[in-house]
Amino acid sequence: MSVGVFVIGMHRSGTSVATRLINLLGVSTAREDDLVPPSADNPTGFWESSSLVLFNEKLLHAVGSELSCPVALDRGWERDPGLDDLYREARDVFQQAFPHRPWVWKDPRNCLTLPFWLRALDVTPVVMLIHRNPLEVAESYRARFGERKEYAFALWERYVRQALSALPALPVLVTSYDRLIGSPVEWCEHTSSFLARAGIRVEPVPEAEVLAFVDSGAQHVRFSRSDFDEDGAASEAQRMLFRTLEELDGAHDPFSAPRLAPETPATETLLAERRRAVWDTLERKRTRAEEVGGVFRRVPRRIRSIVGLPHRG
């Protein structure tokens, strides 16, 4: 059985950088023609598989969830018989995206869907959990999406809690964005040792390439833990969760789930409100598409030809 590396963490937490550095150690990413292209807010690349991003979003919709307002999935959700067809599809999509072994797969959505993939793939899993100060995550979300701080904290909390619940008994390396950006060569050396212990053959750390890729100036905003502790928008449960992540820094083989305080009550309130808005929008689009399709079907064949519409049936 081959070994695969899952890089998980909340969106905007440094998972892209971590994945590229692991790739520089000789571990394969998705096919080049399947990688999500760089963008203005992530010019060094996302290092995600486009086809698996789409599949993960399809999977989330299948369980009544959504990446911007996920539900709290119960333990064992991945064993629902209603997902059987998706399991068959998942293996094919993954094989096409990752033809080479060993591989490193980064997708923040796997904070939510990891139990499904652990069951779907014939692989010995190794997990890298990247975490970042929630204030920095919130500021990045505000700059990119215009989200208010309370919502970004709620989303961060749900993603992190779901990720932690999926990790027990796995070999896991927990690491912070600050360490990744601040000491990238040392981070690569530490990660190389962890991967080697997990049975992954790695190449010597290419220091020049690592330093050329990681630009410490890319961390445009920086906050301390005390900044987050003192932020009035954060709940006590969220402050405790961030402290727990910091305490977990390091290698765990196997990982043992920490004891967490109950989730912030406002987290589900905020996410459920967004979820209703998302589903309402999708329903309106579906209804509109059906209406347009009905009009299309009523247009006579001769008129469709005149205006350049394709024939149907």
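Those residues that are in a loop (DSSP other than H, G, I, E, B) and closer than 25 Å to Glu136 by Cβ, I need them from the range 167-183; list them, please. Show your work before the answer.
Taking the range 167-183 and keeping what is in a loop (DSSP other than H, G, I, E, B), we get 167-171, 183.
Leu167, Ser183 - these are the residues of the range 167-183 that are in a loop (DSSP other than H, G, I, E, B) and closer than 25 Å to Glu136 by Cβ.
Looking only at the range 25-40, decide whether some residue is basic (Lys, Arg), outside any helix (DSSP H, G or I) and assigned by TED's automatic domain parsing to the domain that holds Glu139.
Yes, there is a match, as at least one residue in the range 25-40 is basic (Lys, Arg), outside any helix (DSSP H, G or I) and assigned by TED's automatic domain parsing to the domain that holds Glu139.
Has the range 106-124 got any residue that is crowded, with 18+ Cβ neighbours inside 10 Å, touching a helix residue (DSSP H, G or I) at 6+ places or on another chain (Cβ under 7 Å), in a helix (DSSP H, G or I) and hydroxyl-bearing (Ser, Thr, Tyr)?
Yes - at least one qualifying residue is present in the range 106-124.
Here are some conditions: (1) hydrophobic (A, V, I, L, M, F, W, C); (2) assigned to a helix (DSSP H, G or I); (3) over 30 Å from Pro81 (Cβ atoms); (4) touching a helix residue (DSSP H, G or I) at 6+ places or on another chain (Cβ under 8 Å). Ile130 meets all but one. Which one does it not meet?
Of (1) hydrophobic (A, V, I, L, M, F, W, C); (2) assigned to a helix (DSSP H, G or I); (3) over 30 Å from Pro81 (Cβ atoms); (4) touching a helix residue (DSSP H, G or I) at 6+ places or on another chain (Cβ under 8 Å), only one is false for Ile130: (2).
Can you work out which of the residues in the range 134-183 that are closer than 18 Å to Glu273 by Cα and basic (Lys, Arg) is surrounded by the fewest Cβ atoms within 10 Å (Cβ to Cβ)?
So the residue we want is Arg148.
Going through the range 100-135 one residue at a time, which ones are more than 15 Å from the chain's Cα centre (by Cα) and not aliphatic (A, V, I, L, M)?
His100, Arg101, Pro102, Trp103, Arg119, Asp122, Thr124, Pro125, Asn133, Pro134
Quickly run through the range 54-65 and pick out the residues that are touching a residue at least 12 places away in the same chain (Cβ under 8 Å), in a loop (DSSP other than H, G, I, E, B) and surrounded by fewer than 18 Cβ atoms within 10 Å (Cβ to Cβ).
Within the range 54-65, none qualify.
The values are calculated or read from the model by the stated rules, or taken from the named source; none is laboratory data. Please read these numbers as outputs of a predicted model, since none were measured by experiment. Cβ sites come from the backbone with ideal geometry, for glycine too, and all protein chains shown count toward neighbours.
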